[in-house]
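**Q** Pasting a structure here, questions to come.
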Amino acid sequence: MRWLYGRVIGRWCSVRFSRKIGHGGAVRGQLITTPIFYVNAAPHLGHVYSAVLGDTLHRHTGLCGEESGLSTGTDEHGIKVQQAAAALGLNPPELCSRVSQQFRTMFDTMGISYTDFVRTTEPRHSRAVCHFWKTLEERGYIYKGTYQGWYCTSDEAFLSEEQTTEKTNSNGDKIRVSVESGHQVHWMSEENYMFRLSSLRPNLLKWLQTDPIHPAPFLRIVQKWLEEDLPDLSVSRQSNRVSWGIPVPSDPTHTIYVWLDALINYLTVAKYPDPSCSPWGPSTHLLGKDILRFHAVYWPAFLLAAGLPPPAKLFIHSHWTCQGVKMSKSLQNVIDPTECIGLYGRDGFRYFLLRNGSPERDCDFNHNSVRNLLNASLADALGGLLNRSTAPSMNPEQCWPCYQCTSVPISVKDQLETLLGALQGLPQLVDQYMTTFQVHKALEAIDGGVRSSNAFLQSQAPWKLSKGTEEDQAWGRCVLYLTLEALRLYGTLLQPAVPGLAKTILDRLGVGHDYRTLKGNPFFAATRGENCGFQGQKLGPDCGLLYHRLLDKEEQGLCKDQTQNGNRCT
Ligand code: MSP
């Protein structure tokens, strides 16, 4: 087992990973996964966030000319789904199909470019789970024992005494709750199948040395968990209590624990157990901090016990809150993504989530912040730059002008050098941020570039230069070339985050599909005296405003029922 672990991780690290981007980054040429979503409630903003992050990383990998798969799907078994179906007077398969479809439709609307959508009720998944269970059994990791302890149905989690605390509920009754989630727990004593988790502590500690968990504060949390008690884990429930699940292969009186079932979805999409199709390789799992323990302790332990390599990377994000409280269906404080898409457009909504969401701290959602950010970054800065540099008044021929190094005024040389230095380094900086799961910083860096370009355009005022001497006019054409080239750079880099808006920019600039990648696609070539094929080329058709300004409540009163980007004003 140790040999396989070392060999597989080592191979991928040396060939694909450390050479390219160094320590700490995502592994390329591999599977990126989102969590699979519970079907006991409709998708909300928090779920969409997990999926948009996964999609952006997946698209960024493609932009760099490398391959990855993106899997997502729905988690359909367990007592929570059983109970939700009963409450609605449905049978579980009906509820699962209905809500799973809602997730699929939502992800399609949000432009999530998943390569696989897995449902845990699919036969391919039960096959993977049963095979995995038998492997654990054969390798001596499963035994029958009695589980006694706290169980939290809402979180489908077994908790130690220290992970629970006493609380008074709204009726004044004393109840026990999970410290982490605040959900009620119940005492359970049941004969179950147990997994020898305790025996895997050394292997887990060794895995942690490969620096698989980002950002670092979450790695420290996991290290701390592994220093504490690590009892064996109950991995089945008696089927008279939990019937909606996959039966233990050799004992149908037990149902496989829903988290073991759910985690195996990542193997299902890798076509496990068929090693010839798509061997389980390095994986980057994206997940919210609430499900860290399942992914950072149980999942690598299960994989190691089955003789498979543990995950290459776990990228953890924090939560969206509403007035400081975690958004969740049970608290009825969720933001409806459909409403947000209606208000801000798909790409506006994606941009806000990616730019304001942070892996390390919770973020509060409110419509004012969305409006302020989108107006400043998309409508004014980016949209303004595109508008000004392509407007017929500024560019009557609607062409890319030519750049001549000899036309740069001496007084501007230093300023230009600084700008070009920053912009030429932008692709690498963005790549570094993306592959270390700092998407918000990647977008911040692009926005910084846009602002510098706007300042440069403003300071050089090509609209004035065009009325000046021959030299002024030649420099004016250079300024325009530089601005269009900068926009081509921003459009290219923004494709993973806001594919629709990026397409509008690149279409307007007349950029062919072969020039929309980061691989073998140099920027600002003419400034180095190299050939740049865009010079003299026609711009694309006018696209109108890139992103319409969003109105605040007061302005809204002045334009009742006005719609923007196909969205109503907020
Ligand atoms: N079914 C499990 C995951 C199994 S993966 C093998 C689950 N499902 S979930 O629907 O409850 O959550 C799915 C994802 O949505 C998790 O990454 C979770 O962190 C994320 N979010 C749910 N609410 C959230 C917020 N309020 N904010 C950000 N993300 C949150 O857990």
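**Q** Checking the condition on the phi > 0 side of the Ramachandran plot, over 37 Å from the mean Cα position of the chain (by Cα) and in the same structural domain as Phe523 (by TED's automatic domain parsing), which residue from Gln460, Gln398, Gln404 passes?
**A** Going through Gln460, Gln398, Gln404 in turn, the sole match is Gln398.
**Q** Restricting to the range 508-527, what's the tally of residues that are under 24 Å from Arg388 (Cβ atoms), in contact (Cβ under 8 Å) with a residue 12 or more places away in the chain and open to solvent by less than 50 Å² (accessible area, probe 1.4 Å)?
**A** 9
**Q** Okay, moving on. Can you report the number of residues in the range 528-548 which are open to solvent by less than 60 Å² (accessible area, probe 1.4 Å) and out of contact with any Cys (no Cβ under 7 Å at 6 or more places or on another chain)?
**A** Number of matching residues: 8.
**Q** Any residue at all in the range 80-91 that is within 27 Å of Ser283 (Cβ to Cβ), modelled with pLDDT of 95 or more and crowded, with 22+ Cβ neighbours inside 10 Å?
**A** Scanning the range 80-91 turns up no residue that is within 27 Å of Ser283 (Cβ to Cβ), modelled with pLDDT of 95 or more and crowded, with 22+ Cβ neighbours inside 10 Å.
**Q** Another question about this same structure. Count, please, the residues in the range 315-340 that happen to be away from the ligand (no atom under 11 Å from the Cβ) and surrounded by fewer than 21 Cβ atoms within 10 Å (Cβ to Cβ).
**A** The number of residues fulfilling the criteria is 6.
**Q** Okay, next question. So which residues in the range 204-231 are in contact with a strand residue (DSSP E or B) (Cβ under 9 Å, 6 or more places away or on another chain) and crowded, with 17+ Cβ neighbours inside 10 Å?
**A** Pro212, Ile213, His214, Pro215, Phe218, Leu219, Val222
**Q** Got a number for residues in the range 68-83 being in contact with a Lys or Arg (Cβ under 8 Å, 6 or more places away or on another chain) and of a type outside the set (Ser, Thr, Tyr)?
**A** Number of matching residues: 3.
**Q** With the requirement that a residue be in a loop (DSSP other than H, G, I, E, B) and either hydrophobic (A, V, I, L, M, F, W, C) or under 26 Å from the mean Cα position of the chain (by Cα) (or both), what does the range 508-519 give you?
**A** Leu509, Val511, Arg516, Thr517, Leu518, Lys519
**Q** Further, regarding this structure: When you scan the range 262-292, how many residues do you find that are out of contact with any strand residue (DSSP E or B) (no Cβ under 8 Å at 6 or more places or on another chain) and under 17 Å from Val235 (Cβ atoms)?
**A** 3
**Q** In addition: When the range 302-337 is examined, which residues are found to be assigned to a helix (DSSP H, G or I), modelled with pLDDT of 95 or more and within 22 Å of the chain's Cα centre (by Cα)?
**A** The answer is Pro337, and nothing else.
Rundown of residues vs (1) open to solvent by 10 Å² or more (accessible area, probe 1.4 Å); (2) in contact with an Asp or Glu (Cβ under 8 Å, 6 or more places away or on another chain); (3) within 13 Å of the ligand (Cβ to nearest atom), yes/no style:
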| residue | (1), (2), (3) |
| --- | --- |
| Ser243 | yes, no, no |
| Asn265 | no, yes, yes |
| Val269 | yes, yes, yes |
| Gly288 | no, no, yes |
| Ala305 | no, no, no |
| Lys313 | no, no, no |
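**Q** Follow-up question, since we're still on this one. Look at Thr284 and say whether it is more than 25 Å from Val81 (Cβ to Cβ), within 15 Å of the ligand (Cβ to nearest atom) and either assigned by TED's automatic domain parsing to the domain that holds His125 or in contact with a helix residue (DSSP H, G or I) (Cβ under 7 Å, 6 or more places away or on another chain) (or both).
**A** Against the criterion (more than 25 Å from Val81 (Cβ to Cβ), within 15 Å of the ligand (Cβ to nearest atom) and either assigned by TED's automatic domain parsing to the domain that holds His125 or in contact with a helix residue (DSSP H, G or I) (Cβ under 7 Å, 6 or more places away or on another chain) (or both)), Thr284 qualifies.
**Q** Identify, from the list Leu230, Leu260, Leu208, the residue that is away from the ligand (no atom under 16 Å from the Cβ), touching a helix residue (DSSP H, G or I) at 6+ places or on another chain (Cβ under 7 Å) and at pLDDT 95 or above.
**A** Leu208
**Q** Which of the following residues is closer than 29 Å to Thr33 by Cβ, free of Cβ contacts under 8 Å to residues at least 60 places away in the same chain and of a type outside the set (Asp, Glu): Gly89, Gly182, Gly111?
**A** Answer to the check: Gly182.
**Q** A follow-up question, please. Only one of His77, His47 is in a loop (DSSP other than H, G, I, E, B) and crowded, with 24+ Cβ neighbours inside 10 Å. Can you tell me which?
**A** Step by step, each of His77, His47 is checked, and only His77 is in a loop (DSSP other than H, G, I, E, B) and crowded, with 24+ Cβ neighbours inside 10 Å.
**Q** Which helices (runs of 4 or more DSSP H) does the range 387-506 wholly contain that include 2 or more residues that are among the aliphatic types (A, V, I, L, M) and open to solvent by less than 30 Å² (accessible area, probe 1.4 Å)?
**A** 413-424, 426-435, 439-460, 470-494
**Q** Sticking with this one: State which residue pairs qualify: first residue over 18 Å from Phe352 (Cβ atoms) and more than 15 Å from the ligand (Cβ to nearest atom) and inside the range 38-63, second residue at pLDDT below 95 and of a type in the set (S, T, N, Q) in any location, beta carbons under 8 Å apart, and separation of 6 or more residues or different chains.
**A** Cβ pairs passing all conditions: His58/Ser68; His60/Thr435; Thr61/Ser68; Gly62/Ser68.
**Q** For the range 97-132, which positions are polar (S, T, N, Q) and under 18 Å from Gln82 (Cβ atoms)?
**A** Ser97, Ser100, Thr120, Thr121, Ser126
**Q** Looking at Pro247, Pro252, which one is surrounded by fewer than 20 Cβ atoms within 10 Å (Cβ to Cβ), free of Cβ contacts under 8 Å to residues at least 12 places away in the same chain, away from the ligand (no atom under 13 Å from the Cβ) and more than 19 Å from Gly73 (Cβ to Cβ)?
**A** Being surrounded by fewer than 20 Cβ atoms within 10 Å (Cβ to Cβ), free of Cβ contacts under 8 Å to residues at least 12 places away in the same chain, away from the ligand (no atom under 13 Å from the Cβ) and more than 19 Å from Gly73 (Cβ to Cβ) holds for just one of Pro247, Pro252, which is Pro247.
**Q** Would you mind stating whether Ser189 is among the polar types (S, T, N, Q) and touching a residue at least 60 places away in the same chain (Cβ under 8 Å)?
**A** no
**Q** So, in the range 272-289, how many residues would count as being modelled with pLDDT under 95 and not polar (S, T, N, Q)?
**A** Qualifying residue count, the range 272-289: 9.
**Q** For Arg350, work out the one condition from (1) within 10 Å of the ligand (Cβ to nearest atom); (2) out of contact with any Cys (no Cβ under 6 Å at 6 or more places or on another chain) it doesn't fulfil.
**A** (1)
**Q** When both residues are 6+ apart or on different chains and their Cβ atoms are under 6 Å apart, which pairs have a first residue that lies in the range 341-364 and is at negative phi, and a second that is in a helix (DSSP H, G or I) and within 13 Å of the ligand (Cβ to nearest atom)?
**A** These pairs meet every condition: Arg350/Val52; Leu353/Tyr49; Leu353/Val52; Gly357/Tyr49; Cys363/Asn356.
**Q** Among the residues of the range 154-164, are any within 28 Å of Val269 (Cβ to Cβ) and open to solvent by 30 Å² or more (accessible area, probe 1.4 Å)?
**A** Scanning the range 154-164, I find at least one residue that is within 28 Å of Val269 (Cβ to Cβ) and open to solvent by 30 Å² or more (accessible area, probe 1.4 Å), so the answer is yes.
The values are calculated or read from the model by the stated rules, or taken from the named source; none is laboratory data. As the structure is a computational prediction, the values presented were derived from the model and not from experiment. Please note: Cβ atoms are built from the backbone with ideal geometry, for glycine as well, and neighbour counts cover all protein chains shown. We work out accessible area using only protein heavy atoms, side chains counted, and drop any ligands, DNA or RNA first. Shrake-Rupley method; radii C 1.70, N 1.55, O 1.52, S 1.80 Å.
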